[in-house]
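*Asks:* Please read through the structure below; I'll follow up with questions.
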Amino acid sequence: MKKVQENQKNQKKKNKGFTLVELIIVIAIIAILAIVLAPQYIKYVEKSRWSNDVNQMSELVGMVKTAVVEAQEANATSDQIKGSIVITKNASATSTSASAVITALNSTDASWSKYNLKNNGSHGADAGLSNSSTAKYTITISADGALYTVNGSWS
């Protein structure tokens, strides 16, 4: 009888693993946490993308302002300077006129055409936009005599 009890004690010492029920419970808890936290994580990632886009577009506006000055110094005409640059999610950057500004941007290794939006438009409401997956940023260069104004806007 003593030997049987000793064998049972030894057997218990050897079996220190998890039971199937314990593993199923742990997996269920992990699944519940994933279901609860996944939407929050997705929102965080999108907000991060939106913030990155806002910072990049602010940087690009500064580069365009510098390029306008460089174009003026190169004696570009008003028609070569004024115009617009449109940045979207899929089409990257396109421009209307502003040829001297684009040339000045490209000469400074700005590579303006590499800019495209990363967010899907869902946090555009932060800038007063409707929630749209077609968010775009437009940089407008307008002329008032010899003075040029550079404005960026979300749409």
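The values are calculated or read from the model by the stated rules, or taken from the named source; none is laboratory data. This one's a predicted model, so the numbers in the text were calculated from it and none came from an experiment. Counting neighbours? That spans all protein chains shown, and the Cβs are built from the backbone with ideal geometry, glycine included.
*Asks:* Of THR19, THR66, which residue is in contact with a helix residue (DSSP H, G or I) (Cβ under 9 Å, 6 or more places away or on another chain) and among the β-branched types (Val, Ile, Thr)? Give the steps one after another, and end with the answer.
*Replies:* Details: THR19 fails: in contact with a helix residue (DSSP H, G or I) (Cβ under 9 Å, 6 or more places away or on another chain).
One residue alone meets the criteria, THR66.
*Asks:* A further question on this structure: Yes or no: LYS47 surrounded by 12 or more Cβ atoms within 10 Å (Cβ to Cβ) and in a helix (DSSP H, G or I)?
*Replies:* Working: surrounded by 12 or more Cβ atoms within 10 Å (Cβ to Cβ): yes; in a helix (DSSP H, G or I): yes.
Judged against the criteria, LYS47 is a match.
*Asks:* While we're looking at this one, here's another question. Can you report the number of residues in the stretch 60-95 which are assigned to a strand (DSSP E or B), out of contact with any Leu (no Cβ under 7 Å at 6 or more places or on another chain), among the β-branched types (Val, Ile, Thr) and surrounded by 13 or more Cβ atoms within 10 Å (Cβ to Cβ)? It would help to see each step written out before you state the result.
*Replies:* Taking the stretch 60-95 as the starting set, the residues that turn out to be assigned to a strand (DSSP E or B) are 83-88, 93-95.
Now narrow it down to the ones that are out of contact with any Leu (no Cβ under 7 Å at 6 or more places or on another chain): 83-86, 93-95.
Imposing the further condition that a residue be among the β-branched types (Val, Ile, Thr) reduces the set to 85-86, 94.
Add one more test, that the residue is surrounded by 13 or more Cβ atoms within 10 Å (Cβ to Cβ), and what stays is 85-86.
Result for the stretch 60-95: 2.
*Asks:* Given THR108, THR88, THR96, THR66, which one is on the phi < 0 side of the Ramachandran plot, β-branched (Val, Ile, Thr) and at pLDDT below 75?
*Replies:* Numbers: THR88 fails: at pLDDT below 75; THR96 fails: at pLDDT below 75; THR66 fails: at pLDDT below 75.
Every option except THR108 fails the conditions.
*Asks:* Got a number for residues in the stretch 48-66 being among the charged types (D, E, K, R) and under 13 Å from the mean Cα position of the chain (by Cα)?
*Replies:* Result for the stretch 48-66: 2.
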